[in-house]
Structure formats: C-alpha cells, structure tokens
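Worksheet: one structure, shown below.
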Amino acid sequence: MSQQRGLGPRRAALYLLDQVTGEGKLLPEVIGTGALQHLSPEDRARAQRLATETLRGLARADRMLARFLAKTPPLQVRNVLRLCTVELSGGEAAHGVVNAGVEMVARNKRTSSMKGLVNAVLRKVAAEGPDGWSKLATPRMPGWLRTPLKDAYGPEVVAAIEAVQFAGAPLDITVKGDVTAANEALKGEILPTGSIRLPTGVQVSALPGFEAGDWWVQDAAAAIPVQVLAPQKGEKILDLCAAPGGKTMQLAAAGADVTAVDLSKGRMSRVDENLTRTRLTAKTVVSDAFEFSEGGFDAILLDAPCSATGTIRRHPDLPYAKDGSEFGILIEQQAQMIDHALSLLKPGGRLVFCTCSLFPDEGEVQVEDALARHAGLSVEPDALDRVGIDPSWRTEEGGLRLRPDYWADKGGMDGFYIAQLRKPQ
C-alpha cells in the first residue's frame with residue numbers, strides 16, 4: 001500500500017480519536033453518522049481498528065511519548081503521535097508511519113508548524129520499537145472508573161480486569177442450532193456456556209454459516225441472560241431495550257412468541273435485518289420503554305441502559321468519552337424500568353434483569369432495592385443452574401456477577417450482572 005493510499009484510513013482514525021477524546025463521543029455514535037462512509041470496506045475496517053487499538057493503548061502511548069516531549073502539544077497533534085506510536089509499537093514499518101504522521105500534521109494549517117516536532121518524536125519512538133512498548137505498564141482505567149471498581153472488587157481484581165481489557169476481545173458467536181456441527185465449519189473454541197469463540201480480526205460476513213443465518217455475533221456473557229430466563233416454546237416474552245438484538249434472536253430461536261422493544265429506530269432496523277438473515281421471527285416495536293404498555297407477558301428480559309463499564313475490552317472508547325457524571329441518572333432509570341417491567345408481567349411471571357455494568361449500584365443493589373419496594377417479589381437463584389456457570393460467580397442476593405477477568409486465559413468476557421425475579425401470584 002502506498003503512503004497516499006495508507007493516509008486515508010489513518011486520517012479517518014485520527015478523526016475518530018479527536019471525536020472521542022475531544023468531543024466526548026463514543027465510536028459507534030461517530031461511525032453511525034457516516035464518518036467512514038467515504039472509505040472502501042477494507043479501509044473502513046482498518047480505520048476503526050487503528051482507532052480502537054490506539055484507544056486501548058492510549059495511556060501506554062502517552063507514557064512513551066512523555067519521554068520525548070518537553071510540553072504537551074495540542075490534542076490533534078497529540079492524537080497523531082498516539083496513533084503513530086501504537087502503529088510503530090505494533091511493528092509497522094517506521095518509514096511509512098513517520099511520513100504519514102508528518103503528512104497528517106502538515107495538512108492542517110493549525111498544526112503544520114509542528115511537523116518537525118512530530119517527525120523528531122516519532123523517529124525516537126521508532127527507535128524504541130515494540131521492545132520499549134512491551135516494557136511499559138498495562139494501561140489503567142481513568143480514576144473516575146478505577147476508584148469505585150477498586151472499592152468494589154479490590155486492587156488485584158481491577159488489575160486483572162485491566163490486563164484483559166488491554167488484550168482486546170476475541171469474537172464470540174451464538175449458534176441457532178447445533179453448536180458442535182457449526183464449529184466443525186467455524187473451527188473455533190466452544191466455550192463452557194455454549195458460545196463459539198474465534199480470534200479477533202476475522203471477516204464476519206465471510207465466515208461459514210453467516211449468509212445462511214446459522215448464527216450471530218454476541219459476546220459469551222451477553223448470551224447468558226437468556227439462558228437464565230430459559231424461554232419455553234410458545235411463551236409470550238418481552239425483550240425490553242432489545243437492540244442490538246442478540247437476545248431477541250436467542251428467544252426466537254427457542255420458539256418463544258417474542259416482542260422486541262427499543263427506542264432507536266436505526267438500531268431496531270438492524271434487529272429486523274438480523275432476524276431476516278437468521279430466518280427468525282419476532283414482533284419489533286420502536287417505542288420508549290416506559291410508553292410501551294402491552295401486558296400479560298409470561299416472561300420479560302430487561303437489559304437496561306447502563307454505564308456499559310463491563311464492555312471496555314470491546315469498547316475502549318468508553319473511558320475517554322465518559323466521566324461518570326451521568327451514571328446517577330441511569331441508576332434511577334434502571335429502578336423505574338424494573339418497576340415498569342413488573343407491571344407488564346402476568347402474576348407469577350419472571351423477569352430477568354441484567355446490565356453490562358461492573359458497578360454494583362447497577363446490579364446487586366438494584367435487585368436488593370427492588371425486593372424492598374415490591375412485597376412478594378423474590379429472587380430465583382436456581383435459575384442460575386445452567387451449563388458452564390461457575391458457582392463462584394453467584395452473589396449474596398441471588399444474582400450472577402460476571403467480570404472481564406473470568407476466562408482470562410481464553411480472552412475474558414464482558415462484565416455483566418444478571419438476576420431472575422419472580423412476580424408474586
């Protein structure tokens with residue numbers, strides 16, 4: 001690839017970095033506005049990978065760059081240096097990376113005067129190479145996130161979580177039919193809970209069974225809530241806050257009569273597309289969860305909006321786009337959603353509440369508070385007796401706490417909290 005051709009995805013990656021670190025936007029939000037549409041599919045994938053890898057190694061890149069900078073440059077220049085440092089430390093050819101970094105700075109009138117600095121610094125980084133990179137400490141989460149997690153789990157657990165997050169996430173697949181048969185073609189690893197795990201970087205649409213709709217991408221931890229709910233054929237089940245739809249497809253594959261509700265029209269259209277591809281059926285409704293009033297459900301799956309702090313190994317932009325200031329509002333909303341979901345259940349119906357959060361306030365505490373608010377409501381620990389569930393993952397109030405450092409030798413998992421509640425008769 002020529003330098004000019006390689007500049008396109010690098011400039012796009014730089015734009016993504018600037019939006020996350022400068023504007024506080026999440027990568028899916030920026031990409032969803034068409035930020036990469038001008039690129040070929042191959043270059044789009046490369047730009048997204050470069051941005052993600054840079055965000056994952058941002059703290060380590062800053063530590064390496066600090067040795068060669070007398071003072072901190074403007075954010076866009078700093079992001080060019082970060083992007084190129086991560087590339088150089090990954091073994092990319094120094095000549096192309098340094099030239100691209102200089103060119104990106106030179107093209108911007110506000111930063112062009114700093115091209116000499118960028119050239120000099122990146123040459124020093126190139127001399128350090130992957131060896132110098134590997135000697136640096138594992139990047140830590142920002143203090144606003146690390147401190148409460150350390151209080152909840154202790155410093156050793158937090159360090160283990162950070163190590164898994166820095167390593168990135170493999171690709172997990174949920175199969176519609178026979179897992180063993182599907183894996184004969186996919187040639188991955190069957191995880192204890194039944195998901196198939198493949199290395200990261202594979203082209204999903206080119207994998208065997210994609211076009212036939214035999215499976216869908218879903219982190220192994222995200223597949224467990226439906227396993228806990230244990231949907232039965234013909235049951236009337238509501239998937240509240242359904243997008244991106246992995247759980248909807250699990251429910252439909254089990255033969256349930258599924259209604260999927262989500263506020264986002266765009267995200268729900270993706271759910272419809274995936275249902276079509278997998279030849280599964282569900283009723284999809286674009287609606288605010290609180291405005292959806294149909295009742296009489298046998299079971300409800302509520303994957304409530306949350307801090308998403310359990311997904312950082314797949315979404316390293318989150319610690320830099322957020323600062324925790326909005327989490328109090330989310331916690332209050334989760335409690336209201338539990339109450340609303342219970343009102344839509346039949347007497348004796350079951351509700352699986354889950355969040356992809358590591359904060360106990362968005363998991364264990366929510367269930368304890370719900371039990372205090374609703375007389376006769378109960379937790380069902382026996383619902384957690386599923387294949388592959390480690391008993392040590394259970395929590396005192398009867399739920400399930402999943403952490404990224406579980407299965408660390410296999411690539412970890414998303415952080416989740418899951419509990420099944422039973423409405424009184």
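The values are calculated or read from the model by the stated rules, or taken from the named source; none is laboratory data. Quick caveat, the model's predicted, so the values are computed rather than measured. Neighbour counts run over all protein chains shown; Cβ positions are idealised from the backbone, glycine included. These area figures cover heavy atoms from the full protein model, side chains too; ligands, DNA and RNA do not enter into them. Shrake-Rupley method; radii C 1.70, N 1.55, O 1.52, S 1.80 Å.
For the reader, a short list of remarks on this structure follows.
- Cα centroids of segment 371-394 and segment 278-356: 18 Å apart.
- Helix 41-56 vs. the chain, principal-axis angle (Cα, 0 to 90°, nearest 10): 90 degrees
- Rounded FRET efficiency, nearest 0.05, which uses the C-beta distance separating Val285 from Lys135 and R0 of 45 Å: 0.25
- DSSP beta bridge pairing in the chain, given as percent antiparallel to the nearest 5: 50 percent
- Å² of accessible area per residue within the chain, as computed with a 1.4 Å probe and no ligands counted: 43 Å²
- Cα-based shape type of segment 350-395, given that a ≥ b ≥ c are square roots of the gyration tensor eigenvalues and the cut on a/c is 1.5: oblate
- For Lys115, a cut-off of 13 angstrom between C-alpha atoms picks up these aspartates and glutamates, skipping any fewer than 8 places away in its own chain: Glu103.
- Mean-position separation - Cα centroids, segment 247-274 and segment 4-73, in angstrom: 32 Å
- Relative contact order [Cα under 8 Å, 6+ residues apart], segment 1-80, whole percent: 40 percent
- In the chain, the longest principal axis of the Cα atoms and the axis of helix 94-106 are about 90 degrees apart.
- Highest-first packing order for the peptide set 368-375, 154-161, 247-254, 406-413 is 247-254, 406-413, 154-161, 368-375, based on the mean count of other beta carbon atoms within 10 Å.
- Cross-link table Lys236/Lys423; Lys233/Lys410; Lys247/Lys410; Lys176/Lys236; Lys25/Lys265, entries beyond 25 Å C-alpha to C-alpha: Lys233/Lys410
- Normalised by the number of residues in the chain, the mean separation of alpha-carbon contacts (under 8 Å, six or more apart) gives a relative contact order of 14 percent.
- Placing Trp215, Trp133 in order of accessible area, with the largest value first and a 1.4 Å probe, yields Trp133, Trp215.
- Evaluated at q = 0.16, 0.19 Å⁻¹, a Debye calculation over the C-alpha positions of segment 321-362 (equal weights, vacuum) places log10 I(q)/I(0) at -0.51, -0.66.
- Accessible-area composition of the chain, carbon plus sulfur, in percent [1.4 Å probe]: 51 percent
- Highest average first, the peptides 292-305, 187-200 ordered by how many other beta carbon atoms sit within 10 Å of their residues are 292-305, 187-200.
- Among (i) 25.6, 115; (ii) 22.8, 74; (iii) 26.1, 104, the entry that matches Rg and Dmax of the Cα atoms in Å as calculated here: (ii)
- Phi-based couplings in Hz for segment 30-39 (Karplus 6.51, -1.76, 1.60; Gly and Pro marked x): 6, 5, x, 8, x, 4, 10, 5, 6, 9
- Three-way shape label, segment 1-140, alpha-carbon gyration tensor, a/c 1.5: rounded
- Size of segment 93-232: Rg and Dmax of its alpha carbons, in Å, are 22.1, 66.
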